[in-house]
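Asks: To start, I am sharing the structure in question, which I have written as structure tokens.
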Amino acid sequence: MILSNHKINEKFLRQKPIGKYILDFYCSKLLLAIEIDGDSHDKKEYPDKNRDWYLDIRSIKTIRYTNDQVLNDIDYVFSDLLAKIKQREKEPVFSPFSRENAEAKLRKRV
């Protein structure tokens with residue numbers, strides 16, 4: 001499994017419930033979700049946007065890959081994921097309920 005690779009030091013939980021959604025993979029330390037989208041997601045862009053918005057207001061960043069990418073181009077998925085995890089580790093991550101997060105969200109709107 002790619003998330004258990006020794007180059008990825010963060011702990012990811014599988015099938016993690018967050019509110020009314022179940023995330024494919026979730027790292028609480030980085031507030032990072034990984035979603036693997038199958039064919040059913042091709043027709044569900046609107047619900048995915050609602051889900052992404054719900055997670056975003058809680059400071060949870062979502063990374064998406066397709067089933068096709070995971071099955072046919074795992075080297076790309078691994079290198080892309082590793083780069084995105086390293087980038088996320090550099091970003092300030094606030095609790096979704098912190099004052100800093102609320103202020104950052106307000107600044108983002110302006």
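Asks: Among 24-37, 51-64, what's the highest-first ranking by average C-beta atoms within 10 angstrom per residue?
Replies: Sorting 24-37, 51-64 by mean packing, highest first, produces 24-37, 51-64.
Asks: Quick check on my link table: of Lys20/Lys86; Lys16/Lys49; Lys7/Lys49; Lys61/Lys90; Lys20/Lys90, which ones sit more than 23 Å apart, alpha carbon to alpha carbon?
Replies: Those over the limit are Lys20/Lys86; Lys7/Lys49; Lys20/Lys90.
None of the figures in this text is laboratory data; all of them are computed from the coordinates on show. Fair warning: this is a prediction, and the values are worked out from it, not measured in the lab. So basically every Cβ, Gly included, is an ideal-geometry build from the backbone, and we count neighbours across all protein chains shown.
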